[in-house]
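The values are calculated or read from the model by the stated rules, or taken from the named source; none is laboratory data. Bear in mind the structure is a predicted one, so any value in this text is a computation, not a measurement. Here the Cβ positions follow ideal geometry from the backbone for every residue, glycine too, while neighbour counts run over all protein chains shown. Please note that ligands, DNA and RNA were not included when accessible areas were found on the heavy atoms of the full protein model with its side chains. Shrake-Rupley method; radii C 1.70, N 1.55, O 1.52, S 1.80 Å.
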There are 2 protein chains.
Amino acid sequence: MIKEAVYHRPGNNFAYAYDSETIHIRLRTKKEDMRRVSLIHGDPYIWKKGEWQTEEKPMEKTGSDELFDYWFTSLQPPYRRLRYSFKLESEKETAVFTEKGFFTEAPLDEIDYHFCFPFLNSADVFKAPQWVKDTVWYQIFPERFGNGDPSLNPEGTLPWGSEAPKQDSFFGGDFQGVMDHLDYLTQLGISGIYFTPIFKAHSNHKYDTTDYMEIDPQFGDKETFRKLVKACHEKGIRVMLDAVFNHSGFYFAPFQDVLKRGKNSPYSEWFHLWEDKVSTTPSPNYDAFAFESYMPKLNTENPEVKQYLLDVARYWIEEFDIDGWRLDVANEVDHSFWREFRRTVKEIKPDAYILGEIWHDSMPWLQGDQFDAVMNYPFTNAVIHFFAKRNISLTRFKHQLAHVQHMYPAPVNEVSFNLLGSHDTPRVLTYVEEHKPTAKLMYLFQMSYEGTPCIYYGDEIGMTGGEDPGCRKCMVWEENEQDQELFVFLQNMISLRKTEPAFGSGGSFQFMDYGEELLAYEKRSDEQRLLFFINPSDQSKKAEASARRSIERDENSTVH
Amino acid sequence: MIKEAVYHRPGNNFAYAYDSETIHIRLRTKKEDMRRVSLIHGDPYIWKKGEWQTEEKPMEKTGSDELFDYWFTSLQPPYRRLRYSFKLESEKETAVFTEKGFFTEAPLDEIDYHFCFPFLNSADVFKAPQWVKDTVWYQIFPERFGNGDPSLNPEGTLPWGSEAPKQDSFFGGDFQGVMDHLDYLTQLGISGIYFTPIFKAHSNHKYDTTDYMEIDPQFGDKETFRKLVKACHEKGIRVMLDAVFNHSGFYFAPFQDVLKRGKNSPYSEWFHLWEDKVSTTPSPNYDAFAFESYMPKLNTENPEVKQYLLDVARYWIEEFDIDGWRLDVANEVDHSFWREFRRTVKEIKPDAYILGEIWHDSMPWLQGDQFDAVMNYPFTNAVIHFFAKRNISLTRFKHQLAHVQHMYPAPVNEVSFNLLGSHDTPRVLTYVEEHKPTAKLMYLFQMSYEGTPCIYYGDEIGMTGGEDPGCRKCMVWEENEQDQELFVFLQNMISLRKTEPAFGSGGSFQFMDYGEELLAYEKRSDEQRLLFFINPSDQSKKAEASARRSIERDENSTVH
């Protein structure tokens, strides 16, 4: 038994409240080291004759990555208190793993040996909004979705789709253009729109905010936006906006003042200036996103800045009833700010969705006091590498996903934002070199995986495009240029999430082992068990599915 | 190389901001597996020709426990951003450990492989009050320290020290009794008093609060308390009170109302009632501490209760200028409550000390948003078992302490509350069967260890006593009955913390290896290096100390 590989620490993804009655416990062990793992558990205050009273519950192996197996169990302690240790059985050895190390038998004379979940207080339960896990998102880059009001066209606007977009092209996409096509979106079946930034800015992508309280005039005015949100809600579509709070745009008035007056500006504390005089060359002498002089980092510890940004967070919910915030470069802003942000947002709209853009391990932001979820880039990468680039094996693909699955608590995974591409990456169809059958497998996998899937506008009709600006072409509205067959395929996938609960958020996901050539997994609920067999190759494969394995698992997980 | 034993996850004790410029990074590896560990690190945005630019810094092995070695380094990234991986060198193999697993060489083509400390925002720096690490605490159980105002004696008060205390004895200790002896405390040299509860209650220990806004009349009134705090402050002594917020006393008015009226009481939501009618037998039909009907658990999620308790937290600081709160059964109260508690307390007094009573791994409470520290019971246990009970080896003792040291971030360890005994345990001298030389070694170790030591009243003059009520005897004030020699010894130990910076909080602690029979450690600062050799046996031992090892360590930690 490799004891050094055994890991558990209460909190995070290892011991957490799933709901106000249920505690989830996970354990990590060296791969294929343990034959059996059980949880020894009890109420800390139930003793008989100087001995702590415990029960034993088998744990289920829920996945493996390259080096480790992961074990899981769920329980509902009658008094909402729990002490526990793990009984480990390898081929040759049995050991008990406690907070104080390993023992040959569970030490029951003192409670201090054992891991502690002191009390399940409902206030501490991670509560992501219920609606998110049943939502299929659709990402809209507003400048390129539809030009519904040419009167708003900025100077130099090009005719819609008349040429390949450049970094600085304008095609005049606007809110009216979105409203004109809401029926199209309803037909596709999506239930949430994620808009990249809509606030006043200079560029076409609007990530360089100049006024967080104003709509960019090329998209429309506040009345149009209000109408848009209302129209979406009437069709059962939620609306999420993009907040760029890490840095402002170069033309943000406070930064312009600082540029002029340096430390004498009343806004000098709004940024992180290094010297009295502000200079942008050769590289900025102030904190910036990366070393980009045009993206000055906001000082979110300054009470004025904090107030301003929290007002922004509040304003767009209170006034326009938006349903969520996606937070750009969320990892570089301080945790304290995000805690206040969450309190502010959830106070007005308790079921608003807070989604962070973080590419790396995001556990510190996902403890219930900051974000509901993060953009699931590890998912994106694994799917792209396995299906599209074909440069990782099936085993490695499964390891990567199992790793992410076991990295966060279940309530986080349930609302994880699973994207295959965005305005920052090549489009799916371009990734697969326009091999449509592969793209379909990717969509099937995305739609049936746990979490909340997102479609990048136009992917559903077979649009192509490489890295920015290629992936930001104007939406194609001529029906004969749309891939209708792909549209119907995606429509069906989305529809299955609604008609077959286990296909979507109603089913729990688990890989099955059908060798190196067939990606097999199941989604199961209490009522349903769906088996998926995906053959990513050109050759046909034969798979035989049996219910037996499932029944065994059932027995295993209920005998206690 | 046992890769499965290698552990690092950003956050917690593994990667944290030490101050607004410094990041600490730790790594865990299998014991004696690695010859050398280095940190590969760089700013995430500095690239040349498609390659991320990194530096390498050797890490120092700062300790070992039974299964693992712990490695450490500290760095100040110029732009406050950091990506990093670990280069591991075992006898036979070299590997690079990244967030995405192991590689033979550091993958420098994509930043996503590497662990991320996205930005060192000062708002997220764990800030325990500066004064705490230089404080020597003195725990007073007010009923038993001094009876200075007999007019306050409750009915049935026994003459001071006239008999061994029973569970329900009263001896009339009060605030005047403390004030009468402040000079004594100053002479001893302590700089903080931790009072067990002083609020209105029924018992002699006052853990059964009936009114959190009132002083128990047997101790004095609010004016006396105000005078006491002022007098302490004038002598440079801080004052910490004990808050029992997990549960109220049985005679707390809201609970009495609930007892009478059950769910019809306006206070029914102040507790966790299971049924309409409240009953205390055979066991309580409401949530309680353990199953004690007389300690009903408070519903800290109820806004009224929350407001009441936060008002309490605020009131005693605002009105009486107390310096800290020690939180009883802190682990069973919800994290949300403690977050609000911290905000409330720190808003009024930013350098107030918040100390949780938690016996198990406390990482979830020590992330900067809740407590400054916890009571260091693992320290207590290790010292008692090694020095007093002699039932663990020196190696095991060192392992246990190294384990705790590496379990929390350094800023937490610096203000950890290190006690050897309390009103809930036998006294030190009783533990060692009155073998004074051993008690002295324990005090020496406690006073020179990292963290903030606490003396239980009377221990300094050689008082004895077993478990409660034995350990709660009346303080002995007759000089001829006090062990003056022990008093002077402790006085010297306390004084050394002030005169020799490295002896106290100015020195960093590290065990040295002088075999199984000699406990050796060093405390070092930039200016000083103190070597400690403790021989816990009856036989004399010879130790030879050399400065060479230290110089090697110096070289090792600066070559990069």
Revision key, fill the gap. Given unit charges at Cβ for Lys, Arg (+) and Asp, Glu (-), the dipole magnitude of the stretch B:151-306 about its Cα centre in debye, nearest 20, is 240
Check your understanding: Given the pairs B:Lys498/B:Lys523; B:Lys230/B:Lys440; A:Lys3/A:Lys398, which are separated by over 23 angstrom at their Cα positions?
Key -> B:Lys230/B:Lys440; A:Lys3/A:Lys398
**Study point:** Inverse of mean 1/r across different Cα pairs in chain A, Kirkwood, Å
**Key:** 25.7
**Study point:** Size of charge dipole - chain A - debye, nearest 20, with Cβ of Lys, Arg +1 and Asp, Glu -1, no other charges
**Key:** 1140
Study note, to complete from the structure: Highest mean packing first, using Cβ neighbours within 10 angstrom, the peptides B:181-194, A:87-100 sort as B:181-194, A:87-100
Revision key, fill the gap. Nearest 10, in degrees from 0 to 90: the angle of helix A:303-318 to the longest Cα principal axis of chain A is 90
Check your understanding: For the stretch B:421-560, which whole percent of the accessible surface, found with a 1.4 angstrom probe, sits on carbon and sulfur atoms?
Key -> 47
Review point. Per residue, what accessible area does the stretch B:397-496 have, given a 1.4 Å probe and all protein chains present, in Å²?
Key: 30
Exercise for review: Would you kindly work out, in nm and rounded to one decimal, the distances from the label point of B:Asp351 to those of the same position in each other copy, ordered shortest first, with label points 7 Å along Cα-to-Cβ?
Suggested key: 4.9
Point to revise | Fraction of beta bridges assigned by DSSP in chain B that are antiparallel (%, nearest 5) | key: 70
**Study point:** Spread of Cα-to-Cα distances over 10 Å intervals beginning at zero, given as percent, for the protein assembly as shown
**Key:** 2, 9, 17, 21, 20, 15, 9, 4, 1, 0, 0
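FRET efficiency for B:Glu434 and A:Ile2, Cβ-Cβ distance as r, R0 = 51 Å, nearest 0.05?
E between B:Glu434 and A:Ile2, to the nearest 0.05, is 0.65.
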Study note, to complete from the structure: On the accessible surface of the stretch B:67-107, probed at 1.4 Å with all protein chains in place, carbon and sulfur together account for a percent value of 49
Point to revise | A:His272/A:Glu21 FRET efficiency (R0 41 Å; Cβ-Cβ; nearest 0.05) | key: 0.35
Review point. Which parts of the stretch B:285-322 would a label at B:His233 reach, counting a residue when its backbone N lies under 15 Å from a point 7 Å out along Cα-to-Cβ?
Key: B:315-322
Study note, to complete from the structure: With bins of 10 Å, the percent of all Cα-Cα pairs of the stretch A:270-333 per bin from 0 is 19, 40, 29, 11, 1
Review point. Taking the Cα-to-Cβ direction at A:Phe103 and at B:Ser495 and moving 7 Å from each Cα, how far apart do the two end points lie in nm?
Key: 4.6
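For the stretch B:211-291, what's the relative contact order in percent, using C-alpha pairs closer than 8 Å and at least 6 residues apart?
17
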Check your understanding: So which aspartates and glutamates pass the test for B:Lys61, namely a Cα distance under 15 Å, with those fewer than 8 places away in the same chain ruled out?
Key -> B:Glu32, B:Asp33, B:Asp69, B:Glu89, B:Asp513, B:Glu522, B:Glu552, B:Asp554, B:Glu555
Review point. Between B:Ser279 and B:Asp424, 0.36 nm times their residue separation minus their Cα-Cα distance comes to what?
Key: 49.3 nm
Review point. How fast does the stretch A:228-324 diffuse by Stokes-Einstein, in µm²/s, taking the Kirkwood radius from C-alpha pairs at 10 °C and 1.306 mPa s?
Key: 107
Practice item. Order these peptides, A:313-319, B:144-150, A:533-539, by their mean beta-carbon neighbour count within 10 angstrom, highest first. Key: B:144-150, A:313-319, A:533-539
Point to revise | Of A:Lys306/B:Lys127; A:Lys30/B:Lys92; A:Lys127/A:Lys200, those spanning more than 24 Å from alpha-carbon to alpha-carbon | key: A:Lys127/A:Lys200
**Study point:** Spatial separation of Cα centroids for the stretch A:383-434 and the stretch B:401-449, in angstrom
**Key:** 51
Practice item. Let me have the relative contact order for chain A, percent, based on Cα pairs under 8 Å that are six or more residues apart. Key: 12
Exercise for review: Subtracting the Cα-Cα distance from 0.36 nm times the residue separation, let me have the gained length for A:Glu60 to A:Ser525 in nm, one decimal.
Suggested key: 165.8 nm
Study note, to complete from the structure: In this structure, the FRET efficiency calculated for A:Gln307 and B:Glu318 from their beta-carbon separation, with R0 = 25 Å, to the nearest 0.05, is 0.50
Study note, to complete from the structure: Averaged over the residues of B:361-371, the number of partner chain Cβ atoms within 10 Å of each residue's own Cβ comes to 3
**Study point:** Buried on assembly, the stretch B:306-349 (at least 40 Å² less accessible surface than by itself, 1.4 Å probe)
**Key:** B:Glu332, B:Arg339, B:Arg343
Exercise for review: Would you mind giving the total buried accessible surface between chains A and B, with a 1.4 Å probe and ligands, DNA and RNA left out, rounded to the nearest 100 Å²?
Suggested key: 5100
Check your understanding: Got the A:Gln484 label distances to the other copies yet, label 7 Å along Cα→Cβ, in nm, shortest first?
Key -> 10.7
**Study point:** Threshold 50 Å² - residues in the stretch B:74-94 whose accessible area is reduced by that much or more when the chain is no longer isolated, probe 1.4 Å
**Key:** B:Tyr79, B:Arg81
Check your understanding: Hey, what do the phi angles of the stretch A:259-273 turn into as Karplus ³J(HN,Hα) couplings, whole Hz, using 6.51/-1.76/1.60 and θ = phi - 60°, x for Gly and Pro?
Key -> 4, 6, 9, x, 5, 7, 5, x, 9, 4, 8, 6, 10, 10, 7
Check your understanding: Expressed as a whole percentage, what fraction of the accessible surface of the stretch B:269-407 belongs to carbon and sulfur atoms when a 1.4 Å probe is rolled over the protein heavy atoms?
Key -> 49
Check your understanding: Can you give the angle from 0 to 90° between the axis of helix A:548-558 and the longest principal axis of chain A, with both taken from C-alpha atoms, to the nearest 10?
Key -> 80
Practice item. Would you please state which residues of the stretch B:213-233 a label at B:Glu155 would reach in this model, taking the label point 7 Å out along Cα→Cβ and a backbone N cut-off of under 15 Å? Key: B:218
**Study point:** Estimated 222 nm signal from helices in chain B, with DSSP H stretches of n ≥ 4 weighted -39500 (n - 2.57), rounded to 500
**Key:** -7000 deg cm²/dmol
Practice item. Find the accessible area per residue for the stretch B:136-286; the probe is 1.4 Å, ligands and nucleic acids are left out, and the unit is Å². Key: 40
Revision key, fill the gap. For B:Ser151, inter-copy label-point distances (7 Å, Cα→Cβ), nm, shortest first, read 8.6
Revision key, fill the gap. Rounded to the nearest 10, the angle in degrees between the Cα long axis of helix A:394-405 and the longest principal axis of the Cα atoms of chain A comes to 90
Exercise for review: Before anything else, pin down the relative contact order of the stretch A:313-456: Cα pairs under 8 Å, at least 6 apart, normalised by residue count, whole percent.
Suggested key: 20
Exercise for review: Starting from the Cα gyration tensor of the stretch A:402-560, multiply each eigenvalue by 5, take the square root, and state the resulting semi-axes largest first in whole Å.
Suggested key: 32, 18, 15
Practice item. For the stretch B:62-210, divide the Cα radius of gyration by the Kirkwood radius and give the resulting Rg/Rh value with two decimals. Key: 1.30
Practice item. Roll a 1.4 Å probe over the protein heavy atoms and report the accessible area of A:Ser122 in Å², nearest 10. Key: 40
Check your understanding: Lys/Arg Cβ at +1, Asp/Glu Cβ at -1, dipole of the stretch B:61-171 taken about the Cα centre: which of B:Leu158, B:His114, B:Leu75 is farthest positive-ward?
Key -> B:Leu75
**Study point:** Centroid-to-centroid separation of the stretch A:454-492 and the stretch A:56-102 [C-alpha atoms, Å]
**Key:** 47
Practice item. Post the alpha-carbon centroid distance, the stretch A:346-365 to the stretch B:249-321, in whole angstrom. Key: 33
